[in-house]
1. With the crude spin-label approximation of a point 7 Å out along Cα→Cβ, what separation in nm comes out for Ser112 versus Asp278?
2. Amide H neighbours of Asn76 under 5 Å, counting only residues 5+ apart in sequence or on other chains, H built in-plane at 1.01 Å?
3. Quick one: 3J(HN,Hα) in Hz for region 209-219, Karplus 6.51/-1.76/1.60 with θ = phi - 60°, rounded, Gly and Pro as x.
4. Would you kindly calculate the mean projected area, averaged across all directions, of the convex hull enclosing the Cα atoms of the chain, in square nanometres?
5. How would you rank 128-138, 189-199, 113-123, 3-13, highest first, on the average number of other Cβ atoms within 10 Å across their residues?
6. Per-residue ellipticity at 222 nm for the chain, helices alone: DSSP H runs ≥ 4 residues times -39500 (n - 2.57), over residue total, nearest 500 deg cm²/dmol?
7. Could you check the spin-label model distance between Val37 and Asn123? Points 7 Å from the Cα along Cα→Cβ, value in nm.
8. Among Glu290, Glu227, Glu211, which one shows the biggest mean-square fluctuation in a GNM of the chain, springs joining Cα atoms closer than 10 Å?
Amino acid sequence: MAFRATHLLGIEHLAPPEITALLDLADTYVDLNRRTVKHANALAGMTQINMFFEASTRTQASFELAGKRLGADVMNMAMQASSLKKGETLIDTALTLNAMHPDLLVVRHPHSGAVNLLAQKVNCAVLNAGDGRHEHPTQALLDALTIRRRKGRLHRLTVAICGDIAHSRVARSNILLLGKMEARIRLIGPPTLMPSGVADWGVEVTDNMAEGLKGADVVMMLRLQKERMDGAFIPSEREYFHRFGLDAEKLAHAHPEAIVMHPGPMNRGVEIDGTLADDINRSVIQEQVEMGVAVRMAAMDLLARNLRAARGMAAMGEGA
Ligand code: NCD
């Protein structure tokens, strides 16, 4: 099977055929999700625990629905801010949960690398639902599925990623995925919101929207991640919208059939004009949410297959 990963910690660890296999399976789950009866049994009898140490609306709901539609027993842990003070606490929590024999752990954490650390301590499949500014693999996969269904391919498309790149795990995972799938990437934003070292990433970088959007097939807007800013990165939100906010006028520089994306939650009137975000002829923002459930079903299905295979081999080893 093309998909060999045992955890989904980041796009960094996936090979292009694994990405394609996951997206192909997700396409079948899109069809299932459009039926009235949405049940499949890929995770029947398995236990999925969602641990969100950071606020989330769509990602948590999406993982919960995905698990339930595949027949898993899904538990959402209410992680209070007080429980994330120390790395030790995270590991202790993980070990405690591990003793209850979960099969899938879905984790969101404000610290980059926390989910990888946790994965080393448990013996089930771990899915990263966003760690700090590091990675958010299922978001990049759902974005890729949305693009692939709309544009028929990923390679040789020009994708403009605009806004707060520096603080965005969504941008990082998307840059990795689109790079692996041979799309052309342009990053647009003020220099204060570009990560250090971006010059070595092999992507085009500009602080001019007209230039960056020119001929783009996909325009991906990012939220200003104020919770991760520890200083003044922009002069004012009004000024930011004027220079970097996407509206119909700036979008006119892109390809006439360019699609507009945003991972949500949106700040209307800050990074994107509200009317454009709602324009079903240009915006695929709701479709991204739909694709999110299908991609998470595919990811958990594939990880569960590998988990069963690994446990089966271990059991045979024990028997020998
Ligand atoms: C993103 C996140 O949490 O990283 N949201 C999401 O998962 N849909 C982006 C964001 O918070 O801006």
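The values are calculated or read from the model by the stated rules, or taken from the named source; none is laboratory data. Fair warning: this is a prediction, and the values are worked out from it, not measured in the lab. Cβ: placed from backbone, ideal geometry, glycine included. Neighbour counts: every protein chain shown. Just so you know, the surface numbers come from the protein's heavy atoms only, side chains and all, with ligands and any DNA or RNA stripped out. Shrake-Rupley method; radii C 1.70, N 1.55, O 1.52, S 1.80 Å.
1. Result: 3.7 nm between the two label points.
2. Here Asn50 satisfy the definition.
3. For region 209-219, the Karplus-derived couplings read 4, 4, 5, x, 7, 3, x, 5, 8, 9, 10 Hz, x marking Gly and Pro.
4. On the way: hull surface 68.0 nm².
The directionally averaged projection comes out at 17.0 nm².
5. Values: 128-138: 25.1, 189-199: 15.5, 113-123: 18.0, 3-13: 19.8.
Most protected by this proxy first, the peptides run 128-138, 3-13, 113-123, 189-199.
6. Values: 11 runs with 132 residues, N = 320.
Using -39500 (n - 2.57) per qualifying helix, the result is -13000 deg cm²/dmol.
7. 3.8 nm
8. Its mean-square fluctuation being the largest, the pick is Glu227.
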